[in-house]
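Novice: Below is one structure. I have some questions about it.
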Amino acid sequence: MIEALQLRDIELIYPTRRGTIQALSNVNLSVREGEFVAILGPSGCGKSTLLKLAAGLLPASGGQIILGGHPLSGPGKQTGVVFQKPNLLPWKTVLENVLLPARTLGLAIAPARLRAYQMLELVGLAEFAANYPFELSGGMQQRVGIARMLLHDPQLLLMDEPFAALDALSRETLMLELQRIWEQQRKSVLFITHSIQEAVFLADRVLVMSPRPGTLVEDLTIPLPRPRTLETLAAQDFMQLCQHLRSHFTHA
């Protein structure tokens, strides 16, 4: 299977006034085409930093990042990113917010507008295209962020705890929505989360990171059949997988 993303021997060292801090050490991972990979780890282990490296927003101190078979040299059209907050512009409509990447990426406006409507239909928000962000719930705003991420048809989706600010019921709804969107689009996904349940529910593989300096300590295949439903959350094999992953973060 073709690999959409490879991180080889990644190191990241931050300079500070009191010396250097090693954020990441010897990180090796891959995301295959069409694969959904989640990363779990304790706070401060470098999960979000890893995602920024994959997006080309940060340079690595060592190692190599390969995107679509080519060395990554900076941000580009190959990736789409969603952060913890959707960061919508309040003075622009939902449609205009989805269209924001069109100008920065040099896309033709007419086909981009059609694509924006299609992505709003995909996330179930076409009827809200003329609304403003303040008229939407938190979960709806995050779906606008997902539509915006998909506007330029990136080959790799990078998601940094996109449901972290939502209540439990909204998170469950968005998990189901993201699974549906992924099954239709079959994009490669690298998904950062603090939630073990979220990772197991959504991913084909779950990678576990150690405390700083972050490195990968487990690569766990999730054998649960798809599509997964809310009933999956109560299934014995689901709970066993969650318990196994939880053992990385509990200490006697």
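The values are calculated or read from the model by the stated rules, or taken from the named source; none is laboratory data. The shown structure was predicted, so the numbers you read here are calculated from the model rather than taken from an experiment. Counting neighbours? That spans all protein chains shown, and the Cβs are built from the backbone with ideal geometry, glycine included. The protein model used for the area step is the full one, side chains on, heavy atoms only, and it has no ligands, DNA or RNA in it. Shrake-Rupley method; radii C 1.70, N 1.55, O 1.52, S 1.80 Å.
Novice: Tell me which of these HIS194 doesn't satisfy, since it passes every other one: (1) closer than 22 Å to PRO223 by Cα; (2) open to solvent by less than 50 Å² (accessible area, probe 1.4 Å); (3) within 13 Å of the chain's Cα centre (by Cα).
Specialist: (2)
Novice: Here is a follow-up. Counting only residues that are open to solvent by less than 50 Å² (accessible area, probe 1.4 Å), within 22 Å of GLU35 (Cα to Cα) and among the small types (Gly, Ala, Ser), how many does the range 61-71 have?
Specialist: So the count comes out to 1.
Novice: Which residues, taken from the range 116-166, are closer than 19 Å to ALA199 by Cβ, assigned to a loop (DSSP other than H, G, I, E, B) and out of contact with any Leu (no Cβ under 6 Å at 6 or more places or on another chain)?
Specialist: Within the range 116-166, GLU161, PRO162, ALA164, ALA165, LEU166 qualify.
Novice: Do you know which residues across the range 177-191 are surrounded by fewer than 24 Cβ atoms within 10 Å (Cβ to Cβ) and assigned to a helix (DSSP H, G or I)?
Specialist: Hits for the range 177-191 are GLU177, GLN179, ARG180, ILE181, TRP182, GLU183, GLN184, GLN185.
Novice: Also, I was wondering about something else. Where residues in the range 199-217 are modelled with pLDDT of 95 or more and charged (D, E, K, R), which of them is surrounded by the most Cβ atoms within 10 Å (Cβ to Cβ)?
Specialist: This residue is ARG205.
Novice: Collect the residues in the range 124-139 that are among the hydrophobic types (A, V, I, L, M, F, W, C), out of contact with any Phe, Trp or Tyr (no Cβ under 7 Å at 6 or more places or on another chain) and open to solvent by 10 Å² or more (accessible area, probe 1.4 Å), keeping them in residue-number order.
Specialist: Within the range 124-139, PHE128, ALA130, PHE134 meet the criteria.
Novice: Taking the range 19-40 as the region of interest, how many residues are closer than 10 Å to ARG212 by Cα and either touching a helix residue (DSSP H, G or I) at 6+ places or on another chain (Cβ under 7 Å) or open to solvent by less than 60 Å² (accessible area, probe 1.4 Å) (or both)?
Specialist: The number of residues fulfilling the criteria is 3.
Novice: Run LEU58 past the list (1) in contact with a Leu (Cβ under 8 Å, 6 or more places away or on another chain); (2) open to solvent by less than 10 Å² (accessible area, probe 1.4 Å) and report the number of the one that doesn't hold.
Specialist: (2)
Novice: Would you point out which residue out of ASP167, ASP153 is free of Cβ contacts under 8 Å to residues at least 60 places away in the same chain, at positive phi and either buried (at least 18 other Cβ atoms within 10 Å of the Cβ) or not aromatic (Phe, Trp, Tyr) (or both)?
Specialist: The conditions single out ASP153.
Novice: Still on this structure, I have one more. So the check is Cβ under 8 Å with 6+ separation or different chains; which pairs have a first residue in the range 60-84 that's of a type in the set (Ser, Thr, Tyr) and a second one that's surrounded by 19 or more Cβ atoms within 10 Å (Cβ to Cβ) and in a strand (DSSP E or B)?
Specialist: SER61/LEU12; THR79/LEU67; THR79/LEU156; THR79/LEU157; THR79/LEU158
Novice: Of all residues being in a loop (DSSP other than H, G, I, E, B) and polar (S, T, N, Q) in the range 73-102, which is farthest from the chain's Cα centre (by Cα)? Just the residue, please.
Specialist: Residue satisfying both the conditions and the ranking: THR93.
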